[in-house]
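Readers should treat all values here as calculations from the given coordinates under stated rules, not as data from a laboratory. Given the structure is predicted, the values throughout are model-derived calculations rather than measurements. Glycine also receives a Cβ, built like all others from the backbone with ideal geometry; neighbour counts cover every protein chain displayed.
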Amino acid sequence: MEAPQRCWRRYSGLVLLFKILGTLWGAQAGPISYSIPEELDKGSFVGNISKDLGLEPRELAERGVRIVSRGRTQLFALNLGSGSLVTAGRIDREELCAQSARCLVSFNILVEDKLNLYPIEVEILDINDNTPQFLREELEVKILENAAPSSRFPLMEVCDPDVGMNSLQGFKLSGNRHFSVDVPTKAHGPKYPELVLDGALDREGEAIYHLVLTAMDGGDPVRSGVARILVTVLDVNDNAPVFTQPVYSVSVPENLPVGTPVLSVNATDQDEGVHAEVTYSFVRITEKISKIFCLNVLTGEISTSASLDYEDSSFYELDVEARDRPGLQDRAKVLITVLDVNDNVPEVVVTSGSRSVAESTPPGTVIALFQVYDQDSGLNGLVTCSISRSQPFELEKSVDNYYRLVTN
Ligand SMILES: [Ca+2]
Ligand SMILES: [Ca+2]
Ligand SMILES: [Ca+2]
Ligand SMILES: [Ca+2]
C-alpha cells in the first residue's frame, strides 16, 4: 500500500524511460510490445522473445542475447531454455507508476554477436489490489443546530492507489435523513468527501449522530473501506425558559414569621450551558410589596421580608420573570392570599353613659350605650357580649354591635 500522502498525486518521474543507445546498430523501427497484469509470481511468462526476434530458443544463448538497461533493478529476465521473456520478481504497478493511467516499462535487448538492439515495451496492467482507505477511521464533526440546510462539512481524505475503475468511485452514508455525502466535482486534486446537511437540526431533539461512511472502488469485486463519523450538534439559544405553570397560588397565615419561604417558582430551559442558566425577578413591583416579599434570583423561592397583616392587605398579585443568560424570557403570576389569624382582641367603645345611678331608678332604665367590635374577620371577628347575672343590670342588643346597659 502506498503512503497516504502520495495518493492521488500525479507524478511522472516513475515511468521508466530507457534511451535507445543509438541507431548506429540499426535498431528496429518500433518496440516489441507486451502487456502483463501486475503482481504476477516471479518467472511468469511475459512474451515469446525468441519468436519475436526471429530466433530459435537455443540461439538466445549462442548469440549472446541479453537485456540491457541502465540504473534500475531489472524487472524482467530471459528464460534461455524456453526462449521467453519472464518476470524477475513481483511487480507492483502502484509502486512503479503511481497514478499514471498507463504504466510502461521500456528496455532493450541486445543481440551480442551482431550488436543489434531491440527496444521492448511492457505495459503493466492494473489489478484491483488496493482497498479504498480513509486517512482517519474516525472523525468528529461539530455543527451548530441552526446550520442552514445544504451546509457542507469536509470529511477525511480517502485514497485508493489503483487506477481507472479500480480506484475510488463513490461513497455511501449510512441511512440518515439529516445527512448525505458528496464529493465536489474537481477534475484533479484530492478527493475529500463532504458531509451535506439535508434537513434542519435540533439539538434538543437529537444531539449526536453516529454515521458510517463507506468508500467504494469500481473493481470486480468491489472493494470498500469504512470510517465512522460522529456528528455533535452544538447548542444555540433557541429556547426561552418556561415556567412550570402560568399561575402559582398560595395561602399563608398572616402571622407567618419574617423570612419564611412562601412558595417557589420554577422555569426550565431546554438549551444547555449558559443558554439554560435561568434567573428570576419580579416585574413591575410596587415599593410596598418589594418590602414585604423577596425573590431568590437563582432558586425562584419567594419569602417574606416583613410581617404580613391580613387587616392591611389580604391578597397580593405578583408578576415574576424567568430569563436565560442571553435574555430569552417567560412570565408567570404569583397569587398570595393572606389568611386571617385571631390576633385582635374585641374592643368595647362606650358611646354614652352615666357615671352614677340613683337607687330608685326603675327597672328598664338605660344607663349606657356602647359598641363592641373586633378587627379580625369571620369567626375571629364575631363578638359575643355578656354580663354577670349577679348584677342588677342586663344587656339589650341594639343595631350594628351596639348594646344598651339597662337596669332590671
Ligand atoms: Ca493495483
Ligand atoms: Ca482499488
Ligand atoms: Ca438549543
Ligand atoms: Ca435558552
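Would you kindly state how much longer the chain becomes between Thr131 and Arg177 on full extension, computed as 0.36 nm times their sequence separation minus their alpha carbon distance, in nm to one decimal?
The span from Thr131 to Arg177 would gain 13.8 nm if fully extended.
Regarding the range 177-237, what's the average projected area of the Cα-atom convex hull, expressed in nm²?
For the Cα atoms of the range 177-237, the hull's average projected area reads 5.8 nm².
Computed over the Cα atoms, what is the radius of gyration of the range 347-407 divided by 2.2 N^0.38 Å, N being its residue count?
Working it through for the range 347-407, the quotient is 1.24.
Anyone know which of Ser386, Ser303, Ser174 comes out most mobile in the 10 Å Cα GNM of the chain?
Among Ser386, Ser303, Ser174, the largest GNM mean-square fluctuation belongs to Ser386.
So which aspartates and glutamates pass the test for Lys397, namely a Cα distance under 18 Å, with those fewer than 8 places away in the same chain ruled out?
Within the straight-line cut-off, Lys397 pairs with Glu347, Asp374.
For n ≥ 4 DSSP H runs only, could you compute -39500 (n - 2.57) per run for the chain, divide by its residues and tell me the 222 nm figure to the nearest 500?
Helix contribution divided over all residues of the chain: -1000 deg cm²/dmol.
Working out 0.36 nm times the residue gap between Met165 and Cys294, then minus their Cα-Cα distance, what length gain in nm do you get to one decimal?
38.9 nm
GNM, the chain, Cα, under 10 Å: largest mean-square fluctuation among Phe393, Phe76, Phe171?
Phe393
For a quick protection proxy, order the peptides 117-128, 396-407 by their average other-Cβ count within 10 Å, most packed first.
With the highest mean Cβ count within 10 Å placed first, the list reads 117-128, 396-407.
Would you please give the residues with an amide H less than 5 Å from that of Leu144, counting only those at least 5 places away or on a separate chain, with H modeled from the backbone geometry?
Leu234
Can you give the FRET efficiency to the nearest 0.05 for Arg355 and Glu277, using r as the Cβ-Cβ distance and R₀ = 60 Å?
Approximately 0.20, to the nearest 0.05.
P(r) of the chain in 10 Å steps, Cα pairs, percent per bin?
Result returned by the calculation: 4, 13, 12, 10, 9, 8, 7, 6, 6, 5, 5, 4, 3, 2, 2, 2, 1, 0, 0.
When a footprinting reagent is the concern and you count Cβ atoms within 10 Å, what order do Arg323, Arg284 take, fewest first?
Lowest count first: Arg284, Arg323.
So who's got an amide H within less than 5 Å of the one on Val46, skipping anything under 5 residues away but keeping other chains? H placed 1.01 Å off N, in plane.
Amide H to amide H, under 5 Å and 5 or more residues apart or across chains, Val46 pairs with Leu85, Val86, Thr87.
Could you give the nm distance between label points at Ser377 and Ser44, where each point is 7 Å from its Cα heading toward the beta carbon?
Here the answer is 10.3 nm between the modelled labels.
Can you tell me which of 207-219, 367-379 comes out highest on packing, and rank the rest after it, using the mean Cβ neighbours within 10 Å?
207-219, 367-379
When the chain is fully extended, how far beyond the present Cα-Cα distance does Ala88 get from Glu287, taking 0.36 nm per residue of separation?
61.6 nm
Using only Cα atoms, what is the ratio of the radius of gyration of the range 242-339 to 2.2 N^0.38 Å?
1.11
So if we plug the beta-carbon distance of Ala306 and Arg331 into 1/(1 + (r/R0)^6) with R0 = 22 Å, what FRET efficiency do we get, rounded to 0.05?
For R0 = 22 Å, the calculated efficiency reads 0.35.
Based on C-alpha coordinates, I'd like the Rg and Dmax of the range 133-234, in Å.
For the range 133-234, the Cα radius of gyration and maximum Cα-Cα distance read 14.2, 46 Å.
Computed on alpha carbon atoms, what radius of gyration and Dmax characterise the range 208-255, expressed in Å?
Both quantities, over Cα of the range 208-255: 27.3, 89 Å.
Name the residue, out of Leu339, Leu395, Leu78, whose mean-square fluctuation peaks in a Gaussian network model built on the chain with Cα pairs under 10 Å.
Looking only at Leu339, Leu395, Leu78, the largest GNM fluctuation is found for Leu395.
At 7 Å along Cα-to-Cβ for each site, give me the label-to-label distance between Ser151 and Thr244 in nm.
About 3.4 nm separates the two model spin labels.
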